[in-house]
Every structure is written in C-alpha cells, then in structure tokens.
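See structure below.
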Amino acid sequence: MVRLLAALLIFGGLSSSAEIPKQDMIDCNAGNNTSASAKYRGSRGNAPPSHVSKLPIRTLLYPGAQTRIYTRYMPWFGDPHHRDVGYRSDDAQQIARQIADMKSRGIQGAIVDWYGPRSGPKNDSTMQLMREAERQGSEFAISEDAGALSDCKQPGCDVTGDIISDLQYVADHFETSTAYVRFEGRPAVFFFGLEKYAVDWQRVRRSLPLKPLFFFRNSGSFTDPNADGAYAWIAPETATSNDPMGLQYLQRFYSKAQASSKITMGSAYKGFDDAEARWGKGRVIDQQCGHTWLATFAEASRFYSAKNQLRALMIPTWNDYEEGTEIETGVENCVRVQGRLTADTLSWSISGAEDTVDHYAVLAKRGSEWSEAAEVRPGTHSIALTELRLSGKAAAFCVEAVGKASMLNHFSGPIETTR
C-alpha cells in the first residue's frame, strides 16, 4: 500500500477533527503519531513520544483471538497534585485525540478511574470521554476508585450508602449511553481499592435499576460471591529476581479463571515504576525493551485459544505517567536501524532485539513524497533494488523497523541515491 507523507497530520498540526495519524501516513523522519503531548519529558529524562506501531494490539494474542481489548484511563492531568504531562484531561480536543489514538491501535474502549460525581475536572473528563466515545464509535466504562470514598473515613459513615449514591449517578449519567461497556446486555462497573471497606454489596445491588455487573480486581474475585467478573491488574509487589515481570500473578489469575464461569478480563502491561508518583514506594517492573509487554500477552495465550476465548483484556494503563505504566507514548523496544546503499542493493543493520520488530518497510522518496517500496520479514537485512516497487527514479531510500503492536517504529534516516 502506498504510504504518502502527510506532514499536516503530524501531531502538532492536527485539525479540529482530532484525527490521529495512521501508520501509513509517514515520512523517513516521522513525528509523533500519538495523542501524547510532545512537550512531556519525565523526571528520568524520558524522550518525547514518537512514532508508534498501529498494528492491532490483538495481534499480540493467540491466533484467532476475539478478545475485547480495553485500557485504563486516568482523568486527572491538569490537577496540580499530579505531574504536568503537557495536557489537561478535561480538554475536549485532547480527549478526542486519545479516543482516536486508542481506536487506531485496536483498543475498543477506556475504563475510567472515576472519583465520583463531586470530583470536578475528573468527572468533567469522564463526561467528555463518554460523548467522544459515542461520536467515534468507541466504548467506555466506570471504575469506582476508593478515592471517591475519601470523605467517608470517619466512624459512623455509611460507606454502602455512599457507593449506592455514586452508582445511582453512574446509572443516570453514564450507563444509558450507547457507548457504555456491556456484557450479556448488562452494563459493567469496576471497583478499584474498595477491599478495605466493609460494603453491603447485596444492598448495593438492590438499589441499582439497571442491574450492572460487578467486576472486582485479582484472582480472589473468582470465589467472591459479590463479583460477576474478575479483572487482572499489575502486581509490582510480587516481582522478584526469579520473576522480574510479575508473571506469576497473571498465571495465578488465569489458572483460577479456568475453573470459574465468571467473566474474565485479563491484563497486559509494559512495566511499572512509581518513581514519579508522590505516593511511590520504589516498586519497579522493568520494561526490558518491550519484552515485558510481549511476555504479558504471551501469558494470556498460554491459557486461551481460538477454541477457548479470553472474553476481555485490560491494559493498565493508557496514561498513568506517574506509575510508569502508560502506553500512550508507545513501548520502547530499544531498536536502532542503520542503512546503506551499495551498487544495486539496499542493506541495513539493526541493534537491539529483533523479536520486537514485526517487519521492515523500505520507503522510497520521489519529489517530496515517500512511498512504501517493499515489506521485508525480520531476519532479512537487504533487498535488491530490482525487487522494489518503484515508479520512477528514487531520490532516497529509508528503512523503517516497524515494531510489534504499540511499540515504537524506528527509522534509518534518508539514504541518498544518485540512481
């Protein structure tokens, strides 16, 4: 497929339609094609976001996967208590870019870390995300965070009543949306961190008109009579030198899921590092140049197949920059590409792990436009110019190492030619 340069669509020049540049709209020095702000640099010197592979994330799962893929969304940026990541979460145009970016990667929707109807900009962000999901044909759901109950710590406070009040608001304002996440025709509501509260869940259920399904975190939810479904997360506290990626947590979750009829939502993540969080405890799951990302998807594929489908999977997270889990900027695979032209052969060398590369794209430049002249499988590092799809003289070539889904793409830079 021809891949034309579309400079006006590079992130800095996005139109009000908030489209995200697709994988086929690039040049040899492609800019940011994500919804992340190019202004963001973390305290550890993180580079600004770059060009991300828009191959469908589902391709990282087992062949024939029909798994519904969601991601956890944080609505709190712009709040001075959180890091400056270059945007506000209650900016309608930013939310439009984020939904478009999620869709372009094959993510079906966002599960919002919700802090209740009185959370100001956080609730405003959720409202706007709902409207944008409706407009773009995406999905969203509410996950009530324990922070929504922070005013109910004093003795005698009716925690159950507070949850009922919040969920009645959710029923009135969110669950009736055509974009709301449903399983078996019923809206799904998620809970995060409420384990420390004594909640009368049966009373909660009796008070809700739309009969939502309750999803609780971790494998213990499979035996919790109050849970309709269970979702996996990321457990850096379980990581050890023998299990640096925290994979045993996922293995326990999927093993217990096999014996349960409850709705299972697995998880996959790129890593964890809470150094930028004011609540940080020094917990780390190293990204290992993209291998943690691939390994967590591989765990799901160990337990599920086309004949035994995983119903859903959540990626924690889309944009938690403070705990180092965000995939908005992409997953760095530490690959570098160098190319050269000798006689009638274009060749290239690669440093880094080639198993994180989906394929190589050879780009050719004619005038001011770049077009794709060939796709080459990993393991092959040269191609004869006679094998390229060329429609005239090329002024330059470029080799792109296209990463696996949501990993960064890396480019050789222009390789001038006198042909």
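The values are calculated or read from the model by the stated rules, or taken from the named source; none is laboratory data. Keep in mind the model is a prediction, meaning the values are calculated, not measured. Backbone-built Cβ (ideal geometry, glycine too); neighbour counts: all protein chains shown. Side chains included, ligands, DNA and RNA excluded: accessible areas come from the protein's heavy atoms. Shrake-Rupley method; radii C 1.70, N 1.55, O 1.52, S 1.80 Å.
Taking 0.36 nm per intervening residue step and subtracting the Cα-Cα distance, what contour gain separates Ala298 from Gln136 on full extension?
Result for the pair: 55.3 nm of gain on full extension.
When the label point is put 7 Å from the Cα of His173 along its Cα-to-beta-carbon vector, which residues of region 208-247 have a backbone N closer than 18 Å?
Answer for this model: 208-210.
In what order, largest first, do Ser406, Ser219 sit by accessible area if the probe radius is 1.4 Å?
From most accessible down to least: Ser219, Ser406.
Take the Cα atoms of the chain, find their three principal axes, and give me the spread along each one in whole Å, biggest first.
81, 44, 40
Between rounded, prolate and oblate, where does region 106-147 land on the alpha carbon gyration tensor, with a ≥ b ≥ c its root eigenvalues, rounded for a/c under 1.5, else prolate if a/b exceeds b/c?
In terms of gyration-tensor shape, oblate.
Can you compute the FRET efficiency between Asp224 and Arg311 using 1/(1 + (r/R0)^6), with r the Cβ-Cβ distance and R0 = 22 Å? Round to the nearest 0.05.
In this case the efficiency is close to 0.80.
Roughly speaking, to the nearest percent, how much of the chain's 1.4 Å accessible area is carbon and sulfur?
Using a 1.4 Å probe with all protein chains present, the chain comes out at 48 percent carbon and sulfur.
What FRET efficiency would be calculated for the residue pair Gln248, Ser347, taking the C-beta separation as r and a Förster radius of 41 Å, to the nearest 0.05?
FRET efficiency, Gln248 to Ser347: 0.45.
List the trypsin sites (Lys or Arg not before Pro) within region 118-205 that fall in a DSSP loop (any state other than H, G, I, E or B) and whose Cβ has at most 16 other Cβ atoms within 10 Å.
Filter output for region 118-205: Arg118, Lys153.
Using DSSP, restrict attention to beta bridges with both residues in region 79-224 and report what percent are antiparallel, rounded to the nearest 5.
10
Using Cα positions and a limit of under 17 Å, work out the aspartates and glutamates in reach of Lys281, with same-chain residues fewer than 8 apart set aside.
Glu237, Asp273, Asp320, Glu322, Glu323
At a temperature of 20 °C and a viscosity of 1.002 mPa s, determine how fast region 234-278 diffuses translationally according to Stokes-Einstein, using the Kirkwood radius over alpha-carbon pairs as Rh; express D in µm²/s, rounded to the nearest whole number.
The Stokes-Einstein estimate is 178 µm²/s.
How would you classify region 230-326 from its alpha-carbon gyration tensor, with a ≥ b ≥ c the square roots of the eigenvalues: rounded for a/c under 1.5, else prolate if a/b is greater than b/c, otherwise oblate?
Cα axes put region 230-326 in the prolate bin.
By DSSP, what percent of the beta bridges with both residues in the chain are antiparallel, rounded to the nearest 5?
If I count the DSSP bridges inside the chain, around 50 percent turn out antiparallel.
Assign one of three labels to region 346-397, namely rounded, prolate or oblate, based on the Cα gyration tensor with a ≥ b ≥ c the square roots of its eigenvalues; rounded applies when a/c is under 1.5, prolate when it is not and a/b is larger than b/c, and oblate otherwise.
Prolate, because a/c is 1.5 or more and a/b exceeds b/c.
Counting C-alpha atoms alone, how compact is region 280-419: give Rg to one decimal and Dmax as a whole number, in angstrom.
When restricted to Cα atoms, region 280-419 yields Rg and Dmax of 18.7, 59 Å.
Taking N as the number of residues in region 166-263, what is its alpha-carbon radius of gyration divided by 2.2 N^0.38 Å?
With N residues counted in region 166-263, Rg over 2.2 N^0.38 Å equals 1.23.
With the crude spin-label approximation of a point 7 Å out along Cα→Cβ, what separation in nm comes out for Glu195 versus Ala277?
Taking the simple label geometry, Glu195 and Ala277 are separated by 1.4 nm.
On a 1.4 Å probe surface of the protein chains, which of Leu310, Leu247 comes out largest in accessible area, and what is the full order?
The ordering from most to least exposed comes out as Leu247, Leu310.
In terms of Cα to Cα distance under 20 Å, which aspartates and glutamates are near enough to Lys307, apart from those fewer than 8 places away along the same chain?
Glu184, Glu299
For region 38-134, would you read off the P(r) tail past 23 Å as a percentage of all alpha carbon pairs?
Here the long-distance tail beyond 23 Å is 34 percent of all Cα pairs in region 38-134.
So which of Lys153/Lys211; Lys39/Lys365; Lys270/Lys404 end up more than 19 Å apart, counting from Cα to Cα?
As for pairs spanning more than 19 Å Cα to Cα, those are Lys153/Lys211; Lys39/Lys365.
Quote the accessible area belonging to Val199 in square angstrom, nearest 10, computed with a 1.4 Å probe and with ligands, DNA and RNA left uncounted.
Number for this one is 30 Å².
Grab the other residues whose beta carbon is less than 13 angstrom from that of Lys211, score K and R as +1, D and E as -1, and report the net.
With Lys, Arg at +1 and Asp, Glu at -1, the neighbours total +1.
For Cα pairs less than 8 Å apart in space and 6+ apart in sequence, what is the mean separation divided by the residue count of the chain, i.e. the relative contact order in percent?
It rounds to 17 percent for the chain.
Per residue, how much accessible area does the chain show when a 1.4 Å probe rolls over the protein heavy atoms, in square angstrom?
41
What net charge do the residues around Gln66 carry, taking every other residue with its C-beta under 10 Å from that of Gln66, with Lys and Arg at +1 and Asp and Glu at -1?
Charge balance near Gln66 sits at +3.
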